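Read the figures in this text as sums done on the coordinates, not as results from a lab. None of these values were measured; they are calculated from a predicted model. Backbone-built Cβ (ideal geometry, glycine too); neighbour counts: all protein chains shown.
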Amino acid sequence: MTSLAGAVILSDEKRTVLFKNRDLLNTNHADELFYDVDCFGIRGIDRATGEKSGLTVGVNRYGLAVASTHVHRTVDPNYDLLAEQITMFAKDAEDGLKMTRRHLNGGRKYQWGNLILADHDSVLVIEIAGSDHSIERSERKVLRTSHHIMLDTEETLRQSLAKNGKYEYEHSVNRLYRGYELVKGMTDVNGVFSMLKDHGENPSIESICAHNMKGEGPDTRRSYVIEVDHARDAKRPSILFHVAKGRPCEEQFISIPLVFPADEQVMERARSMYFK
């Protein structure tokens, strides 16, 4: 399963924006909305097996936003389970990194993936492969697709993709390059939404909004944006969750205000807006 995720800090607006285009190979997928007193997120469910993952994207009351991208499936637990723990218990990106290191140093292993963590003044990527990890820090923007940049996993991933035959390593690389072109000039939230709908020269499997043109791979079927506004109160930010339940180039985004601490009425309103 491929995907694209990243985060930008819009300093002039005192706003952090995390985003993700989630690609799926088939329609046997459903979202489960997770809304607790202090955090919110989306879990994926395979309709065929009933299997749940951890949070594919989430945010908590501190304004820490988290997302993941898939790199390579192994027998180890899904990295989304770690993303969920970070969303539930970390206060900022550095806190989430410390938690990750405790897990890995304690002997835990995870499937290969990338975790994007973003708070009010920093963003970072944690690349994970089993018990190995590497970190990219930035004061403004990070982006990942379906490969690692820093970990030495390219050859193994190329071999795995060659066996599958539907998605090539270069597809992920080209998608990342296009994403960086767009992120580089991003100055406001509208730029994020425009990027998630982007096809470059033509819709394809490696465009930001991925299109499965010849049955050769996955399509973008969900698009998520978490908008965290720190302008009024950095300790209690205003948070909006946006979702397009389909290709973002075709579907309108639904905007859901998130309130923390959340009571049952707030949670139910969010569920009704998401699943209407």
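Taking each residue as 0.36 nm, the span from Ser138 to Asp233 lengthens on full extension beyond its C-alpha to C-alpha distance by 31.9 nm.
Along its principal axes, region 1-152 has C-alpha extents of 45, 32, 26 angstrom, given from the largest down. One quarter of the surface of the convex hull around the alpha-carbon atoms of region 71-222 equals 9.6 nm², the direction-averaged projected area. Put simply, when 101-112, 61-72, 235-246 are sorted by average Cβ atoms within 10 angstrom per residue, most first, you get 61-72, 235-246, 101-112.
The chain has equivalent-ellipsoid semi-axes of 26, 21, 19 Å, by the square roots of 5 times the alpha carbon gyration tensor eigenvalues, sorted largest first.
Relative contact order, whole percent, for the chain stands at 20, derived from Cα pairs under 8 Å and 6 or more residues apart.
When you count the other C-beta atoms within 10 angstrom of each residue and take the mean per peptide, 129-142, 167-180, 256-269 line up highest first as 167-180, 129-142, 256-269. Is region 159-247 best put as rounded, prolate or oblate by its Cα gyration tensor, with a ≥ b ≥ c the root eigenvalues, rounded for a/c under 1.5, and otherwise prolate when a/b is larger than b/c, oblate when not? Prolate, since a/c reaches 1.5 and a/b exceeds b/c. Each of Ser255 and Ser131 was given a label point 7 Å from its Cα along the Cα-to-Cβ line. The distance between the two points is 4.7 nm.
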